[in-house]
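The values are calculated or read from the model by the stated rules, or taken from the named source; none is laboratory data. Please read all numbers here as calculations on a predicted model, not as lab measurements. Cβ atoms come from the backbone with ideal geometry, glycine included; neighbour counts cover every protein chain shown. For accessibility, only protein heavy atoms count, side chains too; no ligands or nucleic acids. Shrake-Rupley method; radii C 1.70, N 1.55, O 1.52, S 1.80 Å.
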Amino acid sequence: MKVIKSARLLKQVNNSEEIYEVDLCEVKSRQGQTGYLVNFRYGKPSRSLREGSKTAAALDYQPALDIYNSIIVSKLNAGYVSKTDLDIPTNQSSTQAEAQLPASEPNASTNTTNKNTSSTNKLIKEKVFQRLQKLVSAGDFFCADIKRAVWRAGELRLNQAAELLESLAGKGDGLLNYCVTWSLGRCGNTHSISVLDSLGQSAEYDSIKRISIEAMVHVVIGDKRNSILNSVKQSLPSEWQSCLDRDDYLGIETMLDAEISRGLSKNIDLLQNLYLLARNDKKLHDILLQKIPTLPLIPNYFKAIRYIFKAAEFRCDSRMYGLCNKLIDSTNPFYVKPDSYWSPGRVMLPGTSKYVSRDKEVKEEKSRLAFSDRTKQYLSKRVWRVLRRMGLADDDMYAEMASGLLLAFNDQDGKSGSYTVYDWDNYRNIEIQYPPFHRFLTFNQILYKNSSRLADDDDENTTESSTQREEAYPAIWDRNPDILVKLLCQSQCEPVHTFAVKAITPNQEYLLALAICEIKLLLRQPYQVTAELAYSIVMLRYKPDNPDIELLGILFDTVLEKARTQACQWLQADPNIAIENTQLLVSIVTSKFDDIRTWSNAFLLALDINKDKINTLIARLIAWIQGLDTENDKNDADPQSFVKIVDHISW
């Protein structure tokens, strides 16, 4: 792949800076045909940039160039300033071109720094740094306060604390060393490698050894990171190494399915090592995103899932963290921790009638107990605590992490229900209703923290709705409209769409600058509230005296009936648009909506189209019918109706 053109744009938002990069790339198919892609990266300069593509498949040069230019224009209209607009020599490879741009990782959120410059964030960082200095000077390395301060420094990615953290290495107990290793991985740099390696080598506990490897991979890049990950790969069985070397992801998926079906009994560390390697391998990361939600939280599995959960938290891997959170919240505990009075220290092994000492059993390497009710409660509350502390620090990473959690849910997860309690005062049963998504603590806190939907105690939901902003930390969302758009384009959960529309609607400047492909995605969403938002954008941007054909075509392909009606009226008022754009006619005739197909029959018959246009339209209709892949497509499309249209217009 070769980068033909590249642009870099910057925008100042409040006290932070946003960057948007776009590339026009040349690619060649296996048959030797040349095509062009438009790829983009965006985010904060201090983080790894999120990546995407505006083209689902390779296009001809001119259509791709038009998309490339339209993106730049839309961003300039949104207040971005062009810093570079480069024509890349065609003999320059994509690798050489990318070397001029900020490096990004497969996991978009895995960054060691976060230069959030809000006054709140600065103040909190200063206070934490001063407190850490004071505690280190006091020399009491066994007190709880120093461990809390060390951990908080890591949460805030407090780079100036790296030297203080290094000075604490090897002092105090195992818990302090774990905190130092974790925080140094988030705050440190390449100079911290020797300290992290020493902490891992001398560690008494496996947890410190594992987090030291995570931390070392996190703070280095390039050949040093590859060297560490290569040593991890060498620890895998030879067949796994072979598949990874060949990029045989189908083979990896097949072997992983087989290993999971055996209960990970022979290789509990397998998922841990694969997740480490996924730092540099997006396809491997995608496979793990598919597999983790299917795993049961039982012995053998739980140890690996707990590691991935904590590693995802460390990396700020929002998608994996969200999937782990959903798995924890939606799974019943494997066993109930015994009451200290009635059953002191003893628990029945699930599926048996045998009692064992709980304290002894959980310390066994192959423990038959895992994921108690208290572990479930702790992990569930831990997720919200992590996000809440980001929000309190006014950290923009909150929006990225919260979006990952929200994207883990779909409409099927929101089942309503009820339970019955006995009213002893009135001697009767009372049915208590609970609302959708009641099981998911963090999901509800993100969306409804500032709402009357959540009661003051025990996070009990109410059904009362609100027209006000209900989500937690709205100021952070206001600074990150790109993440709100990502939620609207990708989420399959109606409450998430309702929240995101309410949050982004005041930001009209950003909405009016959205690219056509983004508006198209919004209009195609099955949720009325999102389609309404996209329709309002189109109504503001479309000019009948200077029609935008792409915008007009989008309206014919939305669930919003009034949008389709408006498109018909615009086209009826200026039928020459259709005559000059046979591709638009094809999209109307082949619409999945009955009302559009019915309207198109009369509209086409009334058009005065020359013979060349008719031949082009017929050819494209026939090509479209031949391109239908499945029986469902053919049934939905009703090709017979198109044959009738061809009959009419051909005369």
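Suppose we filter Ser167, Ser227, Ser198 for residues that are of a type in the set (Ser, Thr, Tyr) and under 32 Å from the mean Cα position of the chain (by Cα); which single one remains? Let's see the steps before the verdict.
Details: Ser167 fails: under 32 Å from the mean Cα position of the chain (by Cα); Ser198 fails: under 32 Å from the mean Cα position of the chain (by Cα).
From the options Ser167, Ser227, Ser198, the qualifying one is Ser227.
Residue by residue through segment 170-194, note down the ones that are more than 20 Å from Ile221 (Cβ to Cβ) and within 30 Å of the chain's Cα centre (by Cα).
The first filter runs over segment 170-194 and keeps only residues more than 20 Å from Ile221 (Cβ to Cβ), leaving 170-180.
Result: Tyr178, Cys179, Val180.
Go through Val356, Val362, Val421, Val383 for me and flag whichever is without any contact (Cβ under 8 Å) to a residue 60 or more places away in the chain and surrounded by 18 or more Cβ atoms within 10 Å (Cβ to Cβ).
Details: Val362 fails: surrounded by 18 or more Cβ atoms within 10 Å (Cβ to Cβ); Val421 fails: surrounded by 18 or more Cβ atoms within 10 Å (Cβ to Cβ); Val383 fails: without any contact (Cβ under 8 Å) to a residue 60 or more places away in the chain.
Unique residue meeting the criteria: Val356.
Let me confirm something: among Gln96, Gln100, which residue is open to solvent by 30 Å² or more (accessible area, probe 1.4 Å), modelled with pLDDT under 80, of a type outside the set (Lys, Arg) and part of a helix (DSSP H, G or I)? Can you show your working first?
Working: Gln100 fails: part of a helix (DSSP H, G or I).
Of Gln96, Gln100, the one residue that is open to solvent by 30 Å² or more (accessible area, probe 1.4 Å), modelled with pLDDT under 80, of a type outside the set (Lys, Arg) and part of a helix (DSSP H, G or I) is Gln96.
Hey, does segment 295-312 have a residue that's out of contact with any Phe, Trp or Tyr (no Cβ under 9 Å at 6 or more places or on another chain), polar (S, T, N, Q) and without any contact (Cβ under 8 Å) to a residue 24 or more places away in the chain?
So far as segment 295-312 goes, no, none of its residues is out of contact with any Phe, Trp or Tyr (no Cβ under 9 Å at 6 or more places or on another chain), polar (S, T, N, Q) and without any contact (Cβ under 8 Å) to a residue 24 or more places away in the chain.
Only residues in segment 500-518 that are touching a residue at least 24 places away in the same chain (Cβ under 8 Å) and farther than 20 Å from Ala402 by Cα count as the first member; pair them with residues that are assigned to a loop (DSSP other than H, G, I, E, B) and basic (Lys, Arg), Cβ under 8 angstrom, at least 6 apart or cross-chain, and list the lot.
Between residues of segment 500-518 that are touching a residue at least 24 places away in the same chain (Cβ under 8 Å) and farther than 20 Å from Ala402 by Cα and residues that are assigned to a loop (DSSP other than H, G, I, E, B) and basic (Lys, Arg), the close pairs are Ala515/Lys54; Cys517/Lys54.
Any idea which of (1) more than 25 Å from Ile483 (Cα to Cα); (2) in contact with a Gly (Cβ under 8 Å, 6 or more places away or on another chain); (3) among the basic types (Lys, Arg) is the one Arg319 doesn't satisfy?
(1)
Being part of a helix (DSSP H, G or I), within 20 Å of Glu155 (Cβ to Cβ) and modelled with pLDDT of 90 or more: is that true of Lys326 here? Outline the logic, then answer.
Values: part of a helix (DSSP H, G or I): yes; within 20 Å of Glu155 (Cβ to Cβ): no; modelled with pLDDT of 90 or more: yes.
No: the conditions fail for Lys326.
Among the candidates Lys291, Lys282, which residue alone is modelled with pLDDT under 90, surrounded by fewer than 20 Cβ atoms within 10 Å (Cβ to Cβ), of a type in the set (Lys, Arg) and out of contact with any Gly (no Cβ under 7 Å at 6 or more places or on another chain)?
Only one candidate qualifies: Lys282.
Could you say whether any residue in segment 303-323 is assigned to a helix (DSSP H, G or I), over 30 Å from Ala153 (Cβ atoms) and either modelled with pLDDT under 95 or open to solvent by less than 10 Å² (accessible area, probe 1.4 Å) (or both)?
Start the filter on segment 303-323 by keeping residues that are assigned to a helix (DSSP H, G or I), which leaves 303-315, 318-323.
Filter once more, so that each one left must be over 30 Å from Ala153 (Cβ atoms): none.
No, segment 303-323 contains no residue that is assigned to a helix (DSSP H, G or I), over 30 Å from Ala153 (Cβ atoms) and either modelled with pLDDT under 95 or open to solvent by less than 10 Å² (accessible area, probe 1.4 Å) (or both).
Filter segment 591-602 down to the residues that are within 10 Å of Phe556 (Cβ to Cβ) and among the β-branched types (Val, Ile, Thr) and list them by number.
Listed by number, the list holds a single entry, Ile596.
From (1) β-branched (Val, Ile, Thr); (2) open to solvent by 40 Å² or more (accessible area, probe 1.4 Å); (3) at pLDDT 90 or above, pick out the condition that doesn't hold for Ile549.
(3)
Report the residue count in segment 146-174 for those that are open to solvent by less than 80 Å² (accessible area, probe 1.4 Å) and more than 22 Å from Tyr205 (Cβ to Cβ).
Qualifying residue count for the region: 7.
Consider segment 230-272. How many of its residues are open to solvent by less than 30 Å² (accessible area, probe 1.4 Å) and at pLDDT 90 or above?
The number of residues fulfilling the criteria is 8.
Within segment 397-418, take every residue that is outside any helix (DSSP H, G or I) and of a type in the set (Ser, Thr, Tyr) and give me the one that is surrounded by the fewest Cβ atoms within 10 Å (Cβ to Cβ).
Just the residues of segment 397-418 that are outside any helix (DSSP H, G or I), to begin with: 408-410, 414-418.
Restricting the remaining residues to those that are of a type in the set (Ser, Thr, Tyr) gives 416, 418.
Details: Ser416: 11, Ser418: 8.
So the residue we want is Ser418.
Spot the failing condition for Gly391; the list is (1) part of a helix (DSSP H, G or I); (2) closer than 25 Å to Lys415 by Cβ; (3) in contact with a helix residue (DSSP H, G or I) (Cβ under 6 Å, 6 or more places away or on another chain), and only one is missed.
For Gly391, the exception is condition (2).
Please specify each residue of segment 385-443 satisfying the condition of being touching a Pro at 6+ places or on another chain (Cβ under 7 Å) and small (Gly, Ala, Ser).
Residues satisfying the conditions are Gly414, Ser416.
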